[in-house]
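The values are calculated or read from the model by the stated rules, or taken from the named source; none is laboratory data. Keep in mind it's a predicted model, so treat the numbers as computed, not measured. Here the Cβ positions follow ideal geometry from the backbone for every residue, glycine too, while neighbour counts run over all protein chains shown. In case anyone asks, the SASA skips ligands and DNA or RNA and just uses the protein heavy atoms, side chains included. Shrake-Rupley method; radii C 1.70, N 1.55, O 1.52, S 1.80 Å.
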Amino acid sequence: MGANRSVVARARPQDQAVLRRVVNLQRVIRFSVVLMLHIVVITGAVFYAFPFYWLITTSVKPNAQLFLWPPALIPNPIDFGHYVDALQAVPLLRYFGNTFYLTVLNVVGALLSCSLVAYAFARYDVPGSRVLFALLLATMMLPGHVTMIPLFITFRKLGWVDTLKPLWVPAFFGNAFFIFLLRQFFKTIPAELFDAARIDGCSEFGQYWRIMLPLSKPALTTLAIFQFQWTWNDFLGPLIYISSQSKKTIALGLQDFYKTHTVEWQQLMAASTLMVLPVMLVFFLLQRYFIEGIALTGLKG
Amino acid sequence: MISRALSRREFLRVCAGTMGAMLAAGCAPIPATPAPEEAVPEAPPAKVAVTLQFWAEGFSEWVEGRIDAYKELNPEVTVEFVTFKWGEMTPKLLTASAGGTPPDIVIQDRFRVAGWAGRGGATPLDDFVAQYNVKPEDYWSATWAEAVWAGHVYAIPFETDGRFIFWNKEIFEAEGLDPDTPPPSQDWEAMIDLAIQLTKQAADGSVDVMGFIPCQTLGYGNGGDYVYAWANGAKYMKDERTAWMDNPKLVETLQWEFDCVEAVGGIEKASEFSSGWPTVAGFSPFGAGKLAMMVNGDWNLSTFAKYYPDLKFGMAPWRMRGKEDEYTGFAGGFCWAVPAGAKQLEPTFEFLNFLNSYESHLDAGIRYQVIPCLKKAALSDELINSSPYPELRRMANESMEYANFRPVTPVAEEIQDLWTYPGTGRDWVLYGKKTPEEACKDMQEIVQKALDEYWASVGA
Amino acid sequence: MKSIAFKGLRARNTFWFYIFASPWILGFLMFNLGPMIASLYLSLTNYSVLMPTRFVGLYNYQEMLKDKLLRISIWNTAYYAGLGVPLGIILALILALLLNHKDLRGRSFFRSTFYVPSIMPIVALSILWIWLLQPRYGLINTFLHFFGIKGPNWLGDPVWSKPGLILMSLTGVGGNMVIFLAALQGVPVHLYEAAELDGANWWNKFRHVTIPMISPAIFFTLIMGFIGSFQVFTQSYIMTEGGPADSTLFYVLYLYRYAFDYFKMGYASAMAWFLFIIIVTLTFVQFRLGTRWVYYGGQ
């Protein structure tokens, strides 16, 4: 498309000058577009980076600067003491451990169960599937506050109330949000792929395991990232089901910084900063699975 | 389904109780080994291992200290303590109660006790009071009043806080006012004039220094709205079954708050000034010298000492309207309570008795710079002198003698939400949506309806 | 012969559907169905959590009709969702497209940057935004000041409090952005090439290749966006307590008060089921409309 150097070289001499100008113009346009792109993205990034910047700077502000009005944007001097205080005042490391335990279980459970169920909804349009799908969505439409108590009683009857089980076992039974999400992604995979596999003797489960899953890495990565973040930041679940300081998760543990008539702001910010880092790390590490595209060349659309 | 669930819950409770008893019996008893110095002829009776669940909103250092001290005296008792942010414990407590697994003891907001107890959520403490010889007259009467409902005691008052008028002495001096004389809180018109006088505009028309804003969300005057109403002689309830939110004196109070805000520039200016200062201790425009007067709690004494040590301020009780020598006050704060369905009453009561001791009250008072509900602890020299501002601390603690308390009623939460925090009803007036008469009439409707529904549901 | 084979295929598909879906079906029966039915029943009672319950029929629903604050909360919620969801999705889509551009350097870094605000603990974000939206010194108004605009008193003004919260929600679009990024990976490259051969410019490619191919993801974010926004709660609970003057009194916040502060869980359950009906209706409409514009490559 368009002109480039090989086209110019192969053109008739009388056209070469014009073509050369076209090539240069195209280069200029492309360069400006890329420049604009970077300007816009960098500007946006400054806005979106600001909350985290604020979080970190507040956590290293010395006491005297915290309540300056208007607030200081650059802390001076930088005082990491609040991190030490936070770690000493509150068993943060244990909270991190508890949270990590729950998070890993939830991510594994969600990946397994949601992909299976989403596969069902994406691939099979059979009697009952539409009703069930409607039910699936419906479970997300009732505010959880009114089902909290009956659910608690359910767990009580199962004998799980003094354990962490209510906070991870349900993950192995699917999650409406992720099932819906994966179903949307799964439905974009052409049916012909599965038909061809089936003809080749691939079992139903094999189609799920060997075709659908490998092609859905971006979607599955998204699920993993989201579930990690959700469980990591989940507050209401741990609030209701955790009744000892030692079992608290980090989201719940942040409340320890709210004292009777005061709040330990900088320690809270320090703990919040520490809390954000693992999620950022997970995101950063898993990002490359977004880059992997799906090569579907050669398939008739 | 729920009535069946209830009996199922009771069944579960019986099962749990039986299981608990069996477990307790099955546990190896921990004999008390006599120390070498003590010539004890025989080992004391074996004690049974017990675990108590203790929930609270804050107070973690004090509780942990008390638990450690208690553990040394009673090693067989383990107290598991969990702390929450103010307001977050409620859904958890309700859910646990509904599910039949309430904690053994909690630290509660005192004004919530009537609502809880009135709906069967609390265990009566009359036996505790009798067994451990707890005398109501040892406590500030305002605090004990909130702990009683329908003739039974449901809570033991723990700590309280008052509301006082603070003024910035340097600003007063600059204005030519005597910095050591409290503002004339008995004269409502004069207060408005003073507020106008002390308000300074900035170059761009917004308020640089605010003279006075009377209310909660706008002026960090947490609970001040109650104080003004009481100063005006207003009552919120006529009797147990009848609310009186459209009391003319409440209407007057709202009118005055509105006039005050209007005088300093109107709601836009006032809320523009207050926006951005989260209404929690630490962020204080008063401390920063930007607010000339405020009605706020005595905990500010320690806040100022910590964050604004150079601040020159005064603190005094608010006066009854029109009466220079009569004061009024507010008693907020917390108590200990035992939820209904808590199973281990004996060890819980024992622990509660330990928490209720003079030493415990004093420890909390000194540690948090709050006012213990136990009079002796509150007035002790040790506590007074532990404050960065001992005279003011003494004045504050002594003011609990005549302090008022929020209406003891199962709809106390509705009243508080409307009147002061978040102050929906008050805000109707301040934001110009309703006149004080209309607002009070609507508040009366809401509160009376809730009250009627409560009494109907209790079957009376 | 053909009908027998078809019936066999149908039966086999049905069997496999239920096998694959069984984890969720079991979970639904164990953890969802009971509580949902319970709360529906409770909405017909005067359940207060603590006291014995009495059946009151449709009393709660009738009271809801008279409840003025309820109407205000519905309006507030619809406002928040109606503005916030489309804006958020458009913004997330734009960000995803920008960050997917092949010529962008440092993509991983930028992606993380845009994603981070959506994972910060809400308590920290609330403090930050109370500060950002401060009328005199807050950064938002300072920024507007550069353009000569006098910014409003966001969280202190009944008119501007909801826009302020919507603005806050726009920094949380990282999640949707991630979904769109993942979806963009699934657009077959050869479609773009074919379009270019046909002489399409970037707008045509966007409109006729990109959008249809990621329409399942857009559909998802729309549905979930509305389901979520209609249940908005935490920001107003922490930051504004429903104020000023009830302007941020959202439906679920109001519901929460009845459930836990006023001991009227029965009434709260009725409110919940009413909201349920609203959301179901809205979702149903979206699904109906969706058949017209959502394109699943697999069909």
- Task: For chain C, give the percent of accessible area contributed by carbon and sulfur heavy atoms, probe 1.4 Å, rounded to a whole number.
- Result: 69
- With springs only between Cα atoms under 10 Å, which of A:M36, A:M275, A:M140 fluctuates most in a Gaussian network model of chain A? A:M36
- Query: Hey, if you put +1 on the Cβ of every Lys and Arg and -1 on every Asp and Glu Cβ in the range B:262-344, which of B:F304, B:A292, B:G265 ends up farthest toward the positive end of that dipole?
  - Reply: B:F304
- When every protein chain stays in place and a 1.4 Å probe is rolled, A:Y208, C:Y18 sorted by accessible area with the largest first are C:Y18, A:Y208
- Message: Quick one: 3J(HN,Hα) in Hz for the range C:234-245, Karplus 6.51/-1.76/1.60 with θ = phi - 60°, rounded, Gly and Pro as x.
- Response: 4, 4, 6, 5, 7, 8, 10, 6, x, x, x, 6
- Pull up all non-local amide H partners of B:A243: gap of 5 or more, or a different chain, and H-to-H distance under 5 Å with H placed in the peptide plane. B:K238
- Cα-based Rg of the range C:66-290 normalised by 2.2 N^0.38 Å, two decimals: 1.18
- Task: May I ask you to give the percent of accessible area on the range A:2-59 that is carbon plus sulfur, with a probe radius of 1.4 Å?
- Result: 70
- Item | Shielding score for A:50-57, defined as the mean number of other chain Cβ atoms within 10 Å | 5
- Note on the structure: Averaged over the residues of B:415-424, the number of partner chain Cβ atoms within 10 Å of each residue's own Cβ comes to 3
- Message: Quick check on the range C:101-155: what are the equivalent-ellipsoid semi-axes from the Cα gyration tensor, as sqrt(5λ), descending, whole Å?
- Response: 28, 18, 6
- Output ³J(HN,Hα) for the range B:152-161: one whole-Hz value per residue in order, computed from phi by the Karplus curve 6.51 cos²θ - 1.76 cosθ + 1.60 with θ = phi - 60°, and x for Gly and Pro. 10, 8, 10, 7, 10, x, 10, 9, 9, 9
- Task: Any chance you could count the Lys pairs in the range A:82-300 whose alpha carbons are under 29 Å apart, treating pairs 8 or more apart or on different chains as valid?
- Result: 11
- Looking only at other chains, what is the average number of their beta-carbon atoms within 10 angstrom of each beta-carbon in C:34-44? 6
- Query: If we count every other residue with Cβ under 12 angstrom of A:L136's Cβ, Lys/Arg +1 and Asp/Glu -1, where does the sum land?
  - Reply: +2
- Message: Nearest 100 Å² is fine: what is the total accessible surface buried where chains C and B meet, probe 1.4 Å?
- Response: 3600
- Message: Rounded to the nearest 20 debye, what is the charge dipole size of chain A about its Cα centre when +1 sits on each Lys and Arg Cβ and -1 on each Asp and Glu Cβ?
- Response: 980
- Message: Which one, A:H38, A:H82, A:H145, has the greatest fluctuation when you compute a Gaussian network model over chain A with C-alpha springs under 10 angstrom?
- Response: A:H38
- Note on the structure: Quick shape summary for the range A:2-59, equivalent ellipsoid via Cα gyration tensor, semi-axes whole Å in descending order, reads 46, 8, 5
- Mind scanning B:K71/B:K376; B:K269/C:K162; B:K441/C:K66; B:K92/B:K375 and naming the pairs with a C-alpha gap bigger than 24 Å? B:K71/B:K376; B:K92/B:K375
- Message: Once each part is reduced to its C-alpha centroid, what is the distance from the range B:134-213 to the range C:281-297 in angstrom?
- Response: 58
- Task: Over chain B, with every protein chain in place, what whole percent of the accessible area is carbon and sulfur at 1.4 Å, could you tell me?
- Result: 54
- Query: What is the set of long-range amide H partners of B:F330 at a cut-off below 5 Å, with H atoms built 1.01 Å from backbone N?
  - Reply: B:R163, B:N404
- Note on the structure: Long-range share for the range A:103-210, i.e. C-alpha pairs more than 17 Å apart as a percent of all pairs, stands at 63
- Message: Keeping every protein chain present and rolling a 1.4 Å probe, give me the accessible area per residue for the protein assembly as shown in Å².
- Response: 41
- Message: With a 1.4 Å probe and all protein chains kept in place, how much accessible area does C:I238 have, in Å² rounded to the nearest 10?
- Response: 50
- Query: With a 1.4 Å probe, how much accessible area is buried between chains A and C, both sides summed, in Å² to the nearest hundred?
  - Reply: 8800
- Message: Give me the net charge for the shell around A:H38: Cβ to Cβ below 12 angstrom, other residues only, Lys and Arg +1, Asp and Glu -1.
- Response: +1
- Message: I'm a student and want to see the number: the projected area of the Cα convex hull of the range B:369-460, averaged over all directions, in nm².
- Response: 8.9
- Leaving ligands, DNA and RNA out of it, rank B:E359, B:E398 by accessible area with a 1.4 Å probe, largest first. B:E359, B:E398
- Based on the Cα coordinates of chain B, what is the per residue volume of their convex hull in Å³? 160
- Express in % the proportion of alpha carbon pairs of the range C:227-274 at distances exceeding 14 Å. 48
- Task: Using θ = phi - 60° and the Karplus relation 6.51 cos²θ - 1.76 cosθ + 1.60, list the HN-Hα couplings for the range A:37-54 in order, rounded to whole Hz, with x at every Gly or Pro.
- Result: 4, 5, 4, 4, 5, 5, 4, x, 5, 4, 4, 7, 7, 4, x, 5, 4, 4
- Amide H neighbours of A:I189 under 5 Å, at least 5 residues apart or on other chains, H built in the peptide plane: list them. C:G298
- Query: Listed highest first by mean packing, meaning other Cβ atoms within 10 Å per residue, what order do B:382-388, A:164-170, A:26-32 come in?
  - Reply: A:164-170, B:382-388, A:26-32
- Kindly compute the accessible surface that chains B and A hide from a 1.4 Å probe when together, both sides summed, and give it to the nearest 100 Å². 3100
- Note on the structure: Among C:L275, C:L50, C:L253, the residue with the largest mean-square fluctuation in a Gaussian network model of chain C built from Cα contacts under 10 Å is C:L50
- Residues with beta-carbon under 11 Å from that of C:T14, excluding C:T14: net charge, scoring Lys, Arg +1 and Asp, Glu -1? +2
- Query: Over the protein assembly as shown, what is the percentage of antiparallel beta bridges among all DSSP beta bridges, to the nearest 5?
  - Reply: 75
- Query: How many times 2.2 N^0.38 Å is the alpha carbon radius of gyration of the range B:294-414?
  - Reply: 1.25
- Note on the structure: tail above 13 Å in the computed P(r) of the range A:155-214, as % of all Cα-Cα pairs, reads 71
- Quotient of Cα Rg and 2.2 N^0.38 Å for the protein assembly as shown, N being how many residues it contains: 1.03
- So which helices of chain B fit the span-like rule, where a helix is a whole DSSP H run, its Cα atoms reach 30 Å or more along the axis, and its mean Kyte-Doolittle is at least 0.5? B:2-26
- Ignoring everything but the protein chains, give the 1.4 Å probe accessible area of A:D200 in square angstrom, nearest 10. 130
- Once the dipole of chain C is set up with Lys and Arg at +1 and Asp and Glu at -1 on Cβ about the Cα centre, which of C:G290, C:L275, C:F147 lies farthest towards its positive end? C:G290
- Proximal aspartates and glutamates relative to B:K200, as straight alpha-carbon distance under 17 Å, when same-chain residues fewer than 8 apart are discounted: B:E170, B:E173, B:E175, B:D208, B:E262, B:E268, B:E272
- Note on the structure: Under the helix-only model (-39500 (n - 2.57) for each DSSP H run of 4 or more, divided by the residues of chain C), the mean residue ellipticity at 222 nm, to 500 deg cm²/dmol, is -20500 deg cm²/dmol
- Task: Evaluate the range A:82-300: find the radius of gyration of its Cα atoms, find its Kirkwood radius, and give the ratio Rg to Rh.
- Result: 1.05
- Message: Ordering C:L128, A:L35 by accessible area with a probe of 1.4 Å, largest first, what comes out?
- Response: A:L35, C:L128
- Note on the structure: SASA check, B:V79, accessible area w/ 1.4 Å probe, all protein chains in place, rounded to nearest 10 Å², comes out at 20
